[in-house]
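Below is one structure, written out as structure tokens, with a few remarks after it.
Every read-out reported here was derived from the displayed coordinates using simple, explicitly stated rules and does not represent laboratory data. Just so you know, these numbers come straight off a predicted model, no measurement behind them. Because the Cβ atoms are built from the backbone with ideal geometry, glycine has one as well, and the counts that use them run over all protein chains shown.
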Amino acid sequence: MRIILLGPPGSGKGTQAQLLVQRYGIVQLSTGEMLRAAVAAGTPVGLKAKEIMASGGLVPDEVVVGIISDRIDQPDARNGFILDGFPRTVPQAAALDELLKQKHLKLDAVIELRVNESALLNRVETRVAQMRERGEEVRVDDTPEVLTKRLASYRTQTEPLIHYYSERRKLSTIDGMMAIDEVTRAIHRQLLALGAVEPKAHSRSAAKAAPAKKAKAAKKSAKKPAKAAKKAAKSAKAAKKAVKKPVRGSKAATKTATKAATKKAAKKAAKATARKAVKKGAKKSAKKVTKKRAKG
Ligand code: ADP
């Protein structure tokens with residue numbers, strides 16, 4: 001699987017990339033991280049990038065394209081990769097297209113994390129505070145002034161990529177204002193809908209989304225693989241819809257979750273009543289109660 005995560009600084013690309021890495025065993029290729037490592041090591045690339053990065057500008061296209069091209073050739077990237085922070089300009093995107101073509105590799109999706117700009121400064125401030133608490137070194141460009149410049153770079157140079165990939169039918173937009181795990185789930189659903197991941201890998205996150213209902217479905221599907229496949233196809237379709245209409249999609253998800261919770265509660269109550277009845281020795285009636293209430 002090969003995907004690009006697109007979004008302004010503080011949109012959660014790095015966080016989501018790490019979660020996807022854990023789940024799918026693919027690598028995260030972050031040009032920001034690679035450049036920071038080059039700066040720390042004092043390599044020629046690092047020397048070139050140091051000042052530009054500290055001021056919130058963009059490192060020249062040919063430098064980052066070169067880094068990415070070499071990195072994609074490494075054995076650990078063979079399984080797939082998540083590009084985080086690259087491409088950042090239209091020429092970089094065009095270079096990536098060319099590069100992938102030469103290497104006979106296909107891009108599965110471009111996931112855009114859309115966030116309210118007003119939330120970004122807060123997010124970065126929180127990140128800085130947490131890093132300080134952990135005693136980690138804080139990025140020199142994580143200051144309000146440089147962040148403003150990074151945001152401006154994003155708006156003028158990176159945002160046009162939304163149009164670039166949407167024209168090529170590669171773009172999926174996810175609401176990045178949701179909680180971290182909800183964003184992760186939305187990305188999974190989208191990857192599933194696109195056929196970039198196997199339904200099997202998805203079922204783990206799905207089971208987390210609505211435990212009672214999904215666990216039951218999983219049990220059933222283990223017995224009836226044909227049915228499971230049908231179900232997966234159905235949920236893939238629903239996921240596609242939800243991503244297109246994030247607000248309505250999330251409302252529907254809440255509704256389903258509420259429904260599942262109500263059903264679960266009804267079942268629990270019915271079971272408790274049944275247990276009481278059994279205690280009293282009325283085994284027969286207990287069975288009836290369970291059946292009747294569980295249905296509702
Ligand atoms: P963020 O996305 O949070 O701003 P990154 O860690 O992705 O931060 O990048 C940090 C800095 O590294 C950028 O501000 C820029 O100077 C440089 N950089 C990273 N990726 C690229 C790229 N693809 N093209 C040009 N410069 C880049």
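Cross-link partners among aspartates and glutamates for Lys149, C-alpha distance below 17 Å, same-chain residues fewer than 8 apart left out? Partners found: Glu51, Glu117, Glu125, Asp141, Glu159.
The gain in end-to-end length when the Arg139 to Glu125 segment is fully stretched comes to 3.9 nm, 0.36 nm per residue minus the alpha carbon separation.
Taking 0.36 nm per residue of sequence separation and removing the Cα-Cα distance, the Lys149/Lys170 pair yields an extension gain of 4.8 nm. For Lys103, the aspartates and glutamates whose Cα comes closer than 17 Å to its Cα, not counting residues fewer than 8 places off in the same chain, are Asp70, Asp73, Asp76.
Would you please put 160-168, 8-16 in order of how densely packed they are, using the mean number of other Cβ atoms within 10 angstrom per residue and starting with the highest? The partial results should precede the final answer.
Values: 160-168: 14.9, 8-16: 22.0.
Highest mean packing first, the order is 8-16, 160-168.
Once the chain from Ile52 to Asn116 is taken as fully extended at 0.36 nm per residue, the excess over their C-alpha distance is 20.4 nm. Placing a pseudo-label 7 Å from each Cα along the Cα-to-Cβ vector at Ala37 and Arg132 gives an inter-label distance of 2.9 nm.
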